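No lab work stands behind these numbers, since they all come straight from the coordinates. Since the structure is predicted, the reported quantities are computational estimates derived from the model, not experimental observations. All Cβ positions, glycine included, derive from the backbone under ideal geometry; neighbour counts span all protein chains shown.
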């Protein structure tokens, strides 16, 4: 057995600290979003302004790199036709994913929405098998089965059997949000765009935000006139630390630990959402939903950590 060097230990410690920070901020976004929805801010308008501000806040992070900003946003290797791919990712990853998520979160707890959204890697593995011909060994198949069972338990039969159509609609919106995220990820993997992750994140947030704002204002959504300082503070948290901050830390974690290693810990985001929901919103999930969340977490670990 080889002994880790101090430098290696510090890298590992930094990686896990970054990962914890990123997933904590991701989890907190559900709490901030739920509070703002409860204060009467329209869902689509809220998401649009959130990601417009988040996209703008990403530019200083890009500007700190040694590569010129223009070369980062559109590298010389990028072909003009790849703009359509970037646009499709923006429509799916930001407009569809976050729009559906916040519409769904109007009628279900923030923690339940987080659990359903972060089932995304389960659907990524399934789509990767169907469209990218990626291999699925026995343990990854077991992870898929456990994850999908966990999703079924997280949704639960309660809303369907008791006639709570609004809650069932919200759960299905959040599940559709996870599937849209998986489709965007699959397109990105297949396209293999020659652009950095943070720069691509800027474009997808900007494109999605502009589409959502156009939809919101066309549909008659307006920011409430009586929103107080508390709401603006939650919005600032949602747009900058919980969006730009979480994505920035996540890309740092990807660079330090690799995509496979980092993605295996994505289940921490819904875990933080559950804990923060209990602490801040004083809401809890049913035992069945909690068990479903555990199964999704185990499924994510198997899908992302086991190859073959």
ask   = Dividing the alpha-carbon radius of gyration of the chain by 2.2 N^0.38 Å (N being the number of residues), what value is obtained?
value = 0.99
request  = Express in % the proportion of alpha carbon pairs of segment 23-82 at distances exceeding 19 Å.
outcome  = 53 percent
message = Under 8 Å for C-alpha pairs, at least 6 residues apart: give me the relative contact order for segment 82-230, rounded to a whole percent.
response = 48 percent
remark   = Rounded to one decimal in nm, the spacing of the 7 Å Cα→Cβ label points at residue 82 and residue 218 is 2.9 nm
request  = For a footprinting-style exposure proxy, rank 221, 171, 166 by other Cβ within 10 Å, fewest first.
outcome  = 166, 221, 171
note = If the chain between residue 13 and residue 166 were fully extended at 0.36 nm per residue, the gain over the current Cα-Cα distance would be 50.7 nm
note = Per GNM of the chain with C-alpha springs under 10 angstrom, the most fluctuating residue out of 204, 72, 82 is 82
message = Suppose only helical runs count, i.e. DSSP H with n ≥ 4. What mean residue ellipticity at 222 nm does that imply for the chain under -39500 (n - 2.57) per run, divided by all residues and rounded to the nearest 500 deg cm²/dmol?
response = -23500 deg cm²/dmol
task = Pull out the extension gain between residue 152 and residue 190, defined as 0.36 nm times the separation in residues minus the alpha carbon to alpha carbon distance; nm, one decimal.
result = 10.8 nm
Calculated FRET value between residue 71 and residue 229, using beta carbons and R₀ = 45 Å, to 0.05 = 0.65
ask   = Separation between the residue 281 and residue 142 pseudo-spin-labels, each 7 Å from Cα along Cα→Cβ, expressed in nm?
value = 3.4 nm
request  = With a Förster radius of 35 Å, plug the Cβ-Cβ distance of residue 59 and residue 288 into 1/(1 + (r/R0)^6) and report the FRET value to the nearest 0.05.
outcome  = 0.20
Whole-number Å³ per residue for the convex hull built on Cα positions in segment 1-134 = 206 Å³
